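This report concerns only the one structure given below.
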Amino acid sequence: MTPIDFIFMLTRNDRTIPDALAQLPSVLSAGVRQIGFKDIGLPFEKLSELNREIRAAGAKSYLEVVSLDRASEIASVRAALTLGVDYLLGGTHVDDVLPLLRGSGIRYYPFPGRIAGHPSVLEGSTTEIVASAKDLAGREGVHGLDLLAYRADVDVANLIRAVCDAVAKPVIIAGSIDRAERIHAVVSGRAAGFTVGTAALEGRFPASVPGLTHQLLAITSMKNQAKTLIDQ
């Protein structure tokens, strides 16, 4: 059974939460070892401390870029390089980013499609998004894709399947995953992973006990149950 990664984002509404460091022990106690944050919401010094703590716990760190203009995105990439994160998610200025990341060891997963606004939305038809995904996945130095599937005005389950079928590189589904049905669609579409942030912090998943740790345990259980059903 091919594993699917659950990446918990210490973010709310596309911003790193102010108490991210204080919440980290609850995340780790749930067994989550893929942990991310955004490039806005905390000063760089706090992001650096957060990244160090994530890495010290044996977890993988993810920085997701939400800046849309070129200059801000380049600044975010330079921050990722200085921080030494494991994964850089998002961003749209791929031709500018790839030379900066060359030789860094950072795994790069840009956004396919047209991204607009904040919180980010994915514009265009399924056909257009798939074409963008194929173009990006064909580039050396692009290790995978960060697909804002639930921020698109299309048949989302079909979009996930179409993008995952069209590219040979891993696809992470990001944004607005807030219920079991959406986790099931991600798993059935053969995505490599998915992110959850706001929904878990706000307690939207059914759990027998309140608190972030039990939210994350519930999400992991939903992911595993969906994977078992689909692999049968």
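The values are calculated or read from the model by the stated rules, or taken from the named source; none is laboratory data. This structure is a prediction, so every number in the text was calculated from the model and none was measured. Glycine gets a Cβ as well: all are built from the backbone with ideal geometry, and neighbour counts include every protein chain shown. Note: accessible area is taken over every heavy atom of the protein model, side chains too, but ligands, DNA and RNA are not part of it. Shrake-Rupley method; radii C 1.70, N 1.55, O 1.52, S 1.80 Å.
A few points about this structure:
- Anisotropy class of the range 98-188 from Cα gyration tensor, a/c 1.5 cut: prolate
- Whether the range 143-232 is rounded, prolate or oblate, judged on the alpha carbon gyration tensor where a/c under 1.5 counts as rounded: prolate
- Heavy atoms of Leu28: accessible area, 1.4 Å probe, square angstrom to 10: 40 Å²
- 5 angstrom amide H check on Lys38, placed H, neighbours 5+ away: Thr16, Glu64
- Nonpolar atom fraction for the range 55-141, defined as the carbon and sulfur part of the 1.4 Å probe accessible area, stands at 48 percent.
- Against the criterion of solvent-accessible heavy-atom surface with a 1.4 angstrom probe, Tyr150, Tyr108 sort, most first, into Tyr150, Tyr108.
- Per-residue HN-Hα couplings for the range 144-152 [Karplus 6.51, -1.76, 1.60; θ = phi - 60°; Hz; x = Gly/Pro]: x, 10, 10, 9, 7, 4, 7, 9, 10
- Residue with peak Gaussian network fluctuation, the chain [Cα springs, cutoff 10 Å], from Ser120, Ser104, Ser48: Ser104
- Part-to-part distance (alpha-carbon centres) for the range 177-214 and the range 1-68, which is given in Å: 16 Å
- Summing charges over neighbours of Thr16, with a neighbour being any other residue whose Cβ is under 11 Å away from its Cβ, gives 0 when K and R count +1 and D and E count -1.
- The listed residues Phe111, Phe44, once ranked by accessible area (1.4 Å probe) with the largest placed first, stand as Phe44, Phe111.
- Length-normalised contact order of the range 74-226 in % [C-alpha pairs under 8 Å, at least 6 apart]: 16 percent
- At the residue level, Asp153 shows approximately 150 square angstrom of accessible surface with a 1.4 angstrom probe and all protein chains present.
- Charged neighbours of His214, selected by a Cβ distance under 14 Å, balance to 0 (K, R count +1; D, E count -1).
- Taking the helices alone, the chain has a mean residue ellipticity at 222 nm of -13500 deg cm²/dmol, built from -39,500 (n - 2.57) per DSSP H run of at least 4 residues and averaged over all its residues.
- Dipole of the range 23-66 [Lys/Arg +1, Asp/Glu -1 at C-beta], most positive-end residue of Leu47, Gly58, Ile35: Gly58
- Most to least accessible of Met9, Met222 (protein chains only, probe 1.4 Å): Met222, Met9
- Computed over the chain with a Gaussian network model linking Cα atoms closer than 10 Å, the most mobile of Glu181, Glu140, Glu128 is Glu140.
- Loop sites in the range 54-162: trypsin sites (Lys or Arg not before Pro), DSSP, at most 16 other Cβ within 10 Å: Arg102, Arg139
- Charge context of Leu122, other residues only, Cβ under 12 angstrom, K/R +1, D/E -1: -2
- DSSP-defined beta bridges in the chain - what % are antiparallel, rounded to 5: 15 percent
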